[in-house]
Each structure stands twice: as C-alpha cells, then as structure tokens.
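Since the structure comes first, as structure tokens, the remarks are kept for the end.
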C-alpha cells in the first residue's frame, strides 16, 4: 500500500504557523491570549454531579445507538430515555422479550439511578418529532422472568454514591499559566527589541572611544613634523622672500636715493 505524502506547501504553511506562534512576538501574544481564554473557559466547566432515583416497574425497548444501550419506555410518549454506557455496563442480563415489529430486545426495569444533568440524543425522537431528552444511568435494577432482580452499578457510583464535584480548575489554571508565560515572553521580546533600537541609535550619535582618541591625537600633533626636508626648505625660502619684499615695501626713501 502506497502511503500518501503530505503536500509540501501544506507542510511549509504548518511550519510557518508554528514558527510564528512560538517565536514571533505577535504570535506569542495571540497564542497567549488563546491559551488564557481556553484555560478560563475550561475551568468554568467545573460542576457538581448529583443523582436521582426513578422507581417503577416498566418495560423498555433497548436501542443500540452511539455505543450505548438506550432504554425507551414502550408505553410512554414523553420521549425520555435512559442511557447505559457499554463501558460501564458491558454485560446485561437476559432480556424478557423481543419486539416483534422492530426486533428490539425488551427489558423489565424496576429502578434507575441517573445523573441529573440531561443529555440529548441525535438519533432518538419523541412522537412530536423533537429530539428526545435522556439521562446517564449509573445504577439499574432489572426484573427477570422468574421475578429475580439484578442490580448493576458503575464504579463511579460505588465510590461516590452521594455525588461528587468535577473540578477542572487545576487543568484550566495550568493552561492559563502557559498563556501567561507566552505573554511574558512576548513582553520580554518587545523590551529587548526596544533596548536594542535605543543602543543602535546611541551608537550612531556617539563616536567610539578609540576613534575619538585617535582624532584628538591627530588634532594635537604638529603637521610640520610630517613634512619632507624639501618641502620644509621650499617653505623656508618663501618665508624669506616674503620677509624681504615686506621690508622693502615699508622702507622710506632717503635723499641719496
């Protein structure tokens, strides 16, 4: 079987997105805000789980939908169902009958203990066409043909028969902490960029110390010391000629002249 290789543009786009979110300042800000909001939202989903008992011997049809047994009353039109997860109840007792029309198994149930938080099935409808409302069962008592009852309970209900609290804040706060860390990294990055720009601007205005000392030394030196002997001699002759002409021009004429 030939494995399909991912498209190169898709890989490059994914790499660019990851690089942007984790290494760019703007990406860290966006990722930090997302994690901050997600953590707070997940923490607010904490809730208390309470139970309620329903008693009354009735006949139910068992519908296998979405990996669960959904018990629907055969003589009720309210559309309420009771859901038994196959993970919690892998084995059920023998049914008391079978529906001749739908071939669904029939069970006689004496009582249900279920979570008070309702669930909505996407496949079960009331007779009015609305989506049916149901409850997640944690304990059920079946009545057999001979009158013998069988009670099945989930492990969670055995451990917490009076209910419990689902606390999502530890995980939520961990996500919030990750978001804050990204925001701090983004702030540190912006601060370092600002300091680097200030340093660069200061370097453009100030002459380096070594270069300044060289310029000062060049200004303090006598340029005459670097002239060649020929230039010095020529310059001396020009000074003597200039002195001679200046003295001749300023001399007053005498009577003998």
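The values are calculated or read from the model by the stated rules, or taken from the named source; none is laboratory data. Remember, predicted model here, so these are calculated numbers, not experimental data. Don't worry about glycine lacking a Cβ; one is built from the backbone with ideal geometry, like all the others, and counts go over all protein chains shown.
Only one of 147, 172, 177 is loosely packed, with under 14 Cβ neighbours inside 10 Å and closer than 25 Å to residue 42 by Cβ; which? Please lay out each step first, then the result.
Numbers: 147 fails: closer than 25 Å to residue 42 by Cβ; 172 fails: loosely packed, with under 14 Cβ neighbours inside 10 Å.
Answer to the selection: 177.
Could you tell me whether residue 41 is within 30 Å of residue 187 (Cα to Cα), assigned to a helix (DSSP H, G or I) and at pLDDT 90 or above? Yes, satisfied. Given the conditions (1) at pLDDT 85 or above; (2) closer than 19 Å to residue 116 by Cβ; (3) under 45 Å from the mean Cα position of the chain (by Cα), which single one is not true for residue 89? Single failed check for residue 89: (2).
Looking at the stretch 178-189, can you tell me whether even one residue there is out of contact with any helix residue (DSSP H, G or I) (no Cβ under 6 Å at 6 or more places or on another chain), outside any helix (DSSP H, G or I) and at pLDDT below 90? Break it down stepwise before answering.
Taking the stretch 178-189 first, the residues out of contact with any helix residue (DSSP H, G or I) (no Cβ under 6 Å at 6 or more places or on another chain) are 180-181, 184, 187-188.
Cutting the leftovers down to outside any helix (DSSP H, G or I) gives us none.
No, that holds for no residue.
Listed here are the residues, each with its yes/no results for (1) in contact (Cβ under 8 Å) with a residue 24 or more places away in the chain; (2) surrounded by 11 or more Cβ atoms within 10 Å (Cβ to Cβ); (3) part of a strand (DSSP E or B).
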| position | (1), (2), (3) |
| --- | --- |
| 48 | yes, yes, yes |
| 63 | yes, yes, yes |
| 79 | yes, yes, no |
| 84 | yes, yes, yes |
| 87 | no, no, no |
| 93 | yes, yes, no |
| 100 | no, no, no |
| 103 | no, no, no |
| 109 | yes, yes, yes |
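Just a yes or no: is a residue in the stretch 218-232 surrounded by fewer than 12 Cβ atoms within 10 Å (Cβ to Cβ) and either modelled with pLDDT of 75 or more or touching a helix residue (DSSP H, G or I) at 6+ places or on another chain (Cβ under 6 Å) (or both)? So far as the stretch 218-232 goes, no, none of its residues is surrounded by fewer than 12 Cβ atoms within 10 Å (Cβ to Cβ) and either modelled with pLDDT of 75 or more or touching a helix residue (DSSP H, G or I) at 6+ places or on another chain (Cβ under 6 Å) (or both).
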